[in-house]
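The values are calculated or read from the model by the stated rules, or taken from the named source; none is laboratory data. None of these values were measured; they are calculated from a predicted model. Using ideal geometry, Cβ is built from the backbone for each residue, glycine included, and neighbour counts are taken over all protein chains shown. The protein model used for the area step is the full one, side chains on, heavy atoms only, and it has no ligands, DNA or RNA in it. Shrake-Rupley method; radii C 1.70, N 1.55, O 1.52, S 1.80 Å.
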Amino acid sequence: MPLALAALGAMVMAAMPACAADESAAAFFQGKQVRFYTMGSPGGGYDTYMRALVPHLEKKLGAKILPTNEPGAGGLIAVNRTINAPPDGLTILLVGGETLATAQLYESPGVNYDVRKLTWLARLSSESKVALIGPKSSYATVADLIKSDKIVTWAGSSKIDGNSDFTAVMAYALGIKSKIITGYKGTGDMNLAIQRGEVDGRIVSEESAALYGPSNGMRVVATLARKRVEQFPDAPTLFEAAELSPAAARLIDWRAGIAGLGRLMVVTPGTPRDRLDLLQKTFAEIVRDPAFIAEAKRLNLSANHAGADEVRAAVEQAMTTLDKAGLAETRAIALERYYQ
């Protein structure tokens, strides 16, 4: 009996610091203001996701959440604001994993981070990209795009916005005569340009396409991955719609894998361990909650949580798949070939 009591006492003592840490972190957030950045512009998929999370975060943390859109420079401004904030857990960021990865892989100006060393909270959803064509465009299928003697025009905000480079990769893999026009200020500007016929279309996430595509007369002509997506089950994959060479297929697979990193939550590096643990736990509870999953579905969003360790492993794979020569060739395609 004494031995059993001693063992029980040891277990209680070991558990006490963790409980105390949890209570300390929970008390810290009570009544605080948490700045919640997203790379998305108002009305877009990231903005919608951020605002769907806000009431749930406020309820669980007891904090006031301040949603903040910072779409400039393909999301890099939001990233830099987050990683350079005080490391207190009061600045969080919803960002596209592919934006973070490609900006670093392409050695883009303004990248002041190593994506493999960022502090992850969660993956909220994983997504595929789709090719979205406007109502005034004459192209109805991937075959139409490939056969066109005219240059197909695509909208983008910047070369590293997470969509423009994939547009270039797709155009190269399929042999589509293309021009990517960048400089649009955000989702709203690009959608207007597509609806007016100033450009033919754009590459976007499946969630964003579902959010505003059909209601604006836009149509999805292909999914840029191996599997069709739930929101657009009739849209073929690129692998179904065209014959790809082995090299072209590898290129699409690589870029689709980066897109699959999905919507990620980041907190300022150096955030105290107890607060980090609490934030990670909070996002896991919210995104796995059947009620939130149903809410996300009503908003044409998805919710499939992954923890920090899984995110870290996926990022590592994305950053190390191409060798130096392959990355240099891809960089030239993605950043140079199809722009004005």
(Q) For the structure I just gave you, tell me whether Arg202 is open to solvent by 20 Å² or more (accessible area, probe 1.4 Å) and touching a strand residue (DSSP E or B) at 6+ places or on another chain (Cβ under 8 Å). (A) no
(Q) Among the listed residues Leu224, Leu192, identify the single one that is within 19 Å of the chain's Cα centre (by Cα) and of a type in the set (A, V, I, L, M). (A) Leu224
Q. Only one of these conditions is not met by Phe283: (1) part of a loop (DSSP other than H, G, I, E, B); (2) in contact with a Leu (Cβ under 8 Å, 6 or more places away or on another chain); (3) among the hydrophobic types (A, V, I, L, M, F, W, C); (4) open to solvent by less than 10 Å² (accessible area, probe 1.4 Å). Which number is it?
A. (1)
Q. How many residues does the stretch 224-247 hold that are open to solvent by less than 10 Å² (accessible area, probe 1.4 Å) and assigned to a helix (DSSP H, G or I)?
A. 1
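For every residue, the table says whether it meets (1) aromatic (Phe, Trp, Tyr); (2) on the phi > 0 side of the Ramachandran plot; (3) within 17 Å of the chain's Cα centre (by Cα); (4) modelled with pLDDT of 95 or more.
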site: Leu57; (1), (2), (3), (4): no, no, no, yes
site: Lys60; (1), (2), (3), (4): no, no, no, yes
site: Lys64; (1), (2), (3), (4): no, no, no, yes
site: Gly75; (1), (2), (3), (4): no, yes, yes, no
site: Asn80; (1), (2), (3), (4): no, no, yes, no
site: Gly89; (1), (2), (3), (4): no, yes, no, yes
site: Val95; (1), (2), (3), (4): no, no, yes, no
site: Glu98; (1), (2), (3), (4): no, no, yes, no
**Q.** Candidate set: the stretch 124-154, residues that are buried (at least 24 other Cβ atoms within 10 Å of the Cβ) and more than 15 Å from Val221 (Cβ to Cβ); chosen: the one modelled with the highest pLDDT
**A.** Leu124
(Q) Quick check on the stretch 302-320. Is at least one of its residues farther than 19 Å from Ala122 by Cα, free of Cβ contacts under 8 Å to residues at least 12 places away in the same chain and not in a loop (DSSP other than H, G, I, E, B)? (A) yes
Q: Find the helices (runs of 4 or more DSSP H) located wholly in the stretch 87-201 whose residues include 2 or more that are of a type in the set (Lys, Arg) and within 26 Å of Val267 (Cα to Cα), and list them.
A: none
(Q) For the structure I just gave you, tell me whether Thr237 is over 19 Å from Thr102 (Cα atoms) and touching a residue at least 60 places away in the same chain (Cβ under 8 Å). (A) no
Q | Lone qualifier among Val266, Val204, Val221 - being under 16 Å from Leu174 (Cβ atoms), in a strand (DSSP E or B) and not basic (Lys, Arg) | A | Val221
Q) Of these, Lys159, Lys117, Lys147, which one is over 20 Å from the mean Cα position of the chain (by Cα) and either among the charged types (D, E, K, R) or at positive phi (or both)? A) Lys147
